[in-house]
Structures are given as structure tokens and as C-alpha cells.
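A quick write-up on the structure given underneath.
The values are calculated or read from the model by the stated rules, or taken from the named source; none is laboratory data. What you see is a predicted model; the values in this text were computed from it and never measured. As a convention, Cβ positions derive from the backbone with ideal geometry for all residues, glycine included, and neighbour counts pool all protein chains shown.
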Amino acid sequence: MRLAVTGRQGQVVTSLIERAARFGGEEAIHVTALGRPDLDLADPSTIASAITAARPDVIVSAAAYTAVDKAESERETAFAVNGKGAGDVAAAARALGVPVIHISTDYVFDGTKATPYVESDPVAPLGAYGESKLAGERAVLGAASDAIVLRTAWVYSPFGANFVKTMLRLAETREDLGVVADQYGNPTSALDIADAVLAIAARLHRDPVVTPRGVFHMVGQGVATWADLAEAIFAASAARGGPSARVRRIGTKDYPTPAARPANSQLDCTKLADAYGLRLPDWRQSVDATVARLIMTKEHNA
């Protein structure tokens, strides 16, 4: 099976390339990563031709504008990439007659709900990033009936820039770190996301008629605050002789940012489990594995 993935350096695409090499399904999965300059979501003229040249059986729409705070001052760029660009990818998938799996975010919700969000809950983004990702969801679903939207959250991995690597890097030089303790969500490993996406893609290819489509939530099991996550990172690191720091729990008001964050980003993944039999591992397990890998390879300073 040929899998075309938008993006070349993101956490999800890098994880997909790594996991596809060891995928345990019935057939091998060959991943083609499509990125700039060949495919630029901000340049509609590049999208269809790059995807067509890859001759995919399934497309994963993973590339995105992810600078949450910067999006407040770069709304036009965020919407061009996350909104129209995502829709153009789905339109290319429709033209080729292949399914598309689109990666979205918990930021489509405002975080005011007291319990985990389900797919049917009303959406109400707090900022430009969430608004642009919601526009992308709607563009994808409007452009292609053969589409799956996977909302995920708090993504980390051994690759790129993310919260786990930031905490380890800061702990190299600081004994004390203030970390927000009143925002709740589901930390999610990009490697776990990749495993699930590959399983879904394989099923789409194998059972194109019966495989469910639509919007699904897909996050690591268990809930945490950013402070909880930081403490787990430092505990895993210290156990392996790596950098560690004391976590000072602070409120959102003590760490102001240009873009507002949802206070509650928890996502209920029951629909995904019922449809595909998939549940991502507990976040603690995956954080421990990620930290172990970073300490062993010393890549947390990268």
C-alpha cells in the first residue's frame, strides 16, 4: 500500500515513516512524504500535482500551520494552510478516488465543558489556530465524502519541537520551572498516533466500503495537567540519570500567551474504539518510553 503524507518534518509524518518500516499488517506500507517546495499548502498550484505524482492508495493530511500564538497575528497564513490547503488536499484525494485521513486538534473546542468532549459536542475555537483547523475539518469533509478526521491533542515525540523536549532542555540549566496546572488534557505520543493511522489506513485500503468515515477523537488514555506531564517527564528522566527540575505549579493567569488555551482539552475516544477497535496507550507509558529514548540518544538538546 502506498501512503502519501503531507509534510516532511512534522512529528506525525516522521513517526509514520518510522512506524511504517515495522508495520505488522498483512501488507507493507510505503510512505511518501510530500513537502515544500513540491507541495506547499499555501500554494494551491502545487497540491494536486504533487499528490497525483505519488500515486497513493491513501492520503494522510498531516501538514499544518501549528504556531498557536503566532497565528493570532498571521491569521491569513494559518487559514490558507490549515483551512483552504487542507481542503485542496481532500479535493485531490477525491479526484484520485482515494480516501484521506486528516489530522485535526482539540483546539476546535473552547474548553468550558466539565467532562471529556465527544465528537458531537458544539465546536467553539478560542483563537485563530483553532478556527483555522476547524475550517480545515469542514473543508475536508465538504470536499471528500471518503474522509476521516482525527482530532488529537498535546502531541509529543522524540522528533521536532514539543513539550517533552522543551522540559528536558530547560532542566539542563534550571532547578525550578513554573508549569501551568489548571489546564487539563490528554498527552499523546506521535508514535502512537502513527500506529493508529497506519492501522486505519490499512483497513481503508482493505475494506473500502465498510470502513466508517467521519470525525473521531484519538488521544492517549488518561488525563493530565501540563504540570502533571512535566513531573512525569522529570521522574522518567531522573530515573535514567537525565536532567530533572522541581515543578512549581502555576495558573494560566500566571503564564499569559497571545492565544487563549482551552481549560479542558479532554477528548472521549469511545467512537474510535467502537469503530476501529483502537485505543492509544496510557500517556504515562508513552511519555516514559519517549523520555527513555531521548535520554539514551541525547536528542533532547536537539
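Some observations on this one:
- Unique residue being of a type in the set (S, T, Y) and more than 22 Å from P187 (Cα to Cα) when the list is S61, S104, S73, S120: S73
- Annotation note: of R240, R249, R261, the sole residue that is of a type in the set (D, E, K, R), out of contact with any Leu (no Cβ under 8 Å at 6 or more places or on another chain) and buried (at least 16 other Cβ atoms within 10 Å of the Cβ) is R249.
- Residues (free of Cβ contacts under 8 Å to residues at least 60 places away in the same chain and basic (K, R)) located in the stretch 204-247: R240
- Test: residue in the stretch 233-256 that is closer than 13 Å to W283 by Cα, modelled with pLDDT of 95 or more and charged (D, E, K, R): no
- First in the stretch 116-145 and within 24 Å of A273 (Cβ to Cβ), second anywhere and among the charged types (D, E, K, R) and part of a loop (DSSP other than H, G, I, E, B), Cβ under 7 Å, 6 or more apart: P116/D268; Y117/D268; V118/D268; D121/K113
- Residues being buried (at least 17 other Cβ atoms within 10 Å of the Cβ) and either hydrophobic (A, V, I, L, M, F, W, C) or in contact with a Gly (Cβ under 7 Å, 6 or more places away or on another chain) (or both) - total across the stretch 164-181: 8
- Filtering the stretch 146-180 to residues that are of a type in the set (V, I, T) and either in a strand (DSSP E or B) or in contact (Cβ under 8 Å) with a residue 12 or more places away in the chain (or both) leaves I148, V149, T152, V155, V164, V179, V180.
- Each residue in the stretch 248-266 was checked for being without any contact (Cβ under 8 Å) to a residue 12 or more places away in the chain and in a loop (DSSP other than H, G, I, E, B), and 1 pass.
- I17 under 16 Å from the mean Cα position of the chain (by Cα), within 15 Å of P56 (Cβ to Cβ) and modelled with pLDDT of 90 or more: yes
- Flag if A201 is under 21 Å from K133 (Cα atoms), in contact (Cβ under 8 Å) with a residue 40 or more places away in the chain, buried (at least 21 other Cβ atoms within 10 Å of the Cβ) and small (G, A, S): no
- Here A199 meets each of (1) closer than 30 Å to G85 by Cα; (2) aliphatic (A, V, I, L, M); (3) in contact with a strand residue (DSSP E or B) (Cβ under 9 Å, 6 or more places away or on another chain) with one exception, condition (3).
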